[in-house]
Amino acid sequence: MQNESIPFDPVRDPAALGASGALDGNVAQFAQPRGPDLLRRGGALDAWVALRARHGVWPYGRVLVGAPGPLASVTEDGAPPARGINFASQDYLSLAAHPAVHEAARRALHDAGPHSAGSAVLLGNTHHSQALETALGELLGLDQLVLFPTGWAAAFGAITALVHGADHVVIDALAHASLRQGAACATRNVLVHRHLDCDHVRELLARIRAMDAVNGILVVTEGLFSMDADSPDLPLLQHLCREYGATLLVDVAHDLGALGPGGGGVVASQRMLGRIDIVMGSFSKTFATNGGFVACAHQAARRQLQLYAGPHMFSNALSPMQAAVALESLRIAASGEGDGLRADLLRNAVELRALLGCSGLHCLGGPSPIVPVWTGQESAARVAGMLLARDAVFVNPVEFPGVPLGAARLRLQLMAQHTPAQLRRGASLVANACGRAGAGVFAGKSPRQACQGRYRG
């Protein structure tokens, strides 16, 4: 193992770092430790993480100091904060800094205090949360809303409340972990379809209905896939669900508010507002706060969610401030001002992708707030992320279980208020870091091929 007292640069001496193990291995190797002591059997994982941290290739100890703006201050391991370009935070329309959003939070704190003080079924609702439900319903064209404390809770709660053990789930191979874990907890009858492959969905639905005409089928997808920046054909998926007596659930966490006419996301872009069976999402990407929701058009389903979605019934409701912030952010996103912010955001996405492409890097998906830069090997993502942190450019290196093994990437997330100068400097430094790290080698496969087979954890 490398002597910790000797200054060490993995780019000048990558073989030494590889030998140390900081660039080797992956989380999958430590996923199921053995032994009777639940508290100590993760020792090998802890040692591996500590080794990576010592060599600067463990990115999960970073701390944001101050607000998550396009420029941000970040510290790690007690070091003085470094101020640099922030491509790592989720604030797509830059509403976390909007004066009207701050004022909404102050008013709610003054009027109702900081705490909901109960679940939604035990006096946790407030007039702020009721107004938020109404506004969301108007945006989505679906009038039955249930709020959740987080987007994860909404995804997990929706599936486990509506699906029972005899039902079936057909889910995209790259669906978020909250959706897949909800499906796994609800039923053993889970079939994974190839990413965005509607023909495969049709095949699976036909197979299920050939042997089971009685029980339910939930088809699960996302409006904008958070690691791949691509979207499904929602009209076709909804048509297939009608044809085979299935129900469609679309997770719009990353696109609602940030994309589409009036902020209606991919659902609005594909002219499906009010026509999707179930829409669920999160407030944490565009709406400047935490929380989630599930929306549909059927009161019976809403009752099912209220009483059987554990994260709704058994968690405290959104605080008055959270609900007020989400409501004000929603108001801005649906306004003319929101149209301007979305135009700025999309212009930034197109510009950054063009700059990275001209440097020879491969960006997955299409223009959106998410710009995934392919690296392939986990070691390349680790080194590139470390080099960028040294240059005060903050990105999210993503590897298993966030993406399949061998499909690592740098995920850059844009804001409406990123400037052209920040994009140019950021793109130059990203290209330099990826080149020095040896990123972008597909090992004979396209990124899409590498992502088939094993889905995200």
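Things worth noting here:
- Sorting the segments 60-71, 166-177 by their residues' average number of neighbouring beta-carbon atoms within 10 angstrom, most packed first, yields 166-177, 60-71.
- Once the Cα-Cα distance is subtracted from the 0.36 nm per residue extended length, the residue 184 to residue 111 segment shows a gain of 22.1 nm.
- For residue 67 and residue 275, the FRET efficiency from 1/(1 + (r/R0)^6), where r spans their Cβ atoms and R0 equals 22 Å, is about 0.05.
- Taking the C-alpha atoms of the chain, convex hull volume expressed per residue in Å³: 159
- When the P(r) of segment 227-352 is calculated, the portion above 19 Å amounts to 55% of the C-alpha pairs.
- With Rh defined as the Kirkwood radius, the inverse of the mean 1/r over Cα pairs, the Rg/Rh of segment 100-334 is 0.97.
- Per residue, the chain exposes 42 Å² of solvent-accessible protein surface, assessed with a 1.4 angstrom probe and all protein chains in place.
- Rounded accessible area of residue 129 (nearest 10 Å², 1.4 Å probe): 10
- Rounded percent of accessible protein surface that carbon and sulfur make up, the chain, 1.4 Å probe: 55
- The stretch between residue 50 and residue 127, if pulled fully straight at 0.36 nm per residue, gains 23.0 nm over its current Cα-Cα span.
- Note on segment 85-141: the alpha carbon radius of gyration divided by the globular reference 2.2 N^0.38 Å gives 1.42.
- Basic side chains Lys and Arg get +1 at the Cβ, acidic Asp and Glu get -1 at the Cβ, and with that the dipole of the chain about its Cα centre reaches some 580 debye.
- Relative packing of peptides 424-436, 388-400, 276-288 - highest average C-beta neighbours within 10 Å first: 276-288, 388-400, 424-436
- For residue 172, distant residues with modelled amide H under 5 Å away: 193, 220
- Remark: spin-label model distance residue 215-residue 419 equals 5.8 nm, labels positioned 7 Å along the Cα→Cβ axis.
- As a rough guide to protection, the peptides 114-125, 145-156, 346-357 ranked by mean Cβ packing within 10 Å, highest first, stand as 145-156, 346-357, 114-125.
- ³J(HN,Hα) computed for each position of segment 409-419 - Karplus, 6.51 cos²θ - 1.76 cosθ + 1.60, integer Hz, glycine/proline x: 7, 9, 9, 9, 10, 9, 10, 4, 8, 4, 9
- Annotation for residue 100 and residue 313: the two label points, set 7 Å from Cα along the Cα-Cβ direction, are 3.8 nm apart.
- For the pair residue 197 and residue 432, label points projected 7 Å from Cα toward Cβ lie 4.2 nm apart.
- Of all beta bridges that DSSP places with both ends in segment 100-334, some 40 percent have antiparallel geometry.
The values are calculated or read from the model by the stated rules, or taken from the named source; none is laboratory data. On a predicted model such as this, the values are computed, not experimentally measured, just so you know. Here Cβ is always computed from backbone atoms with ideal geometry, including for glycine, and neighbour counts include all displayed protein chains. Remember, those area values only see protein heavy atoms, side chains included, never the ligands or the DNA or RNA. Shrake-Rupley method; radii C 1.70, N 1.55, O 1.52, S 1.80 Å.
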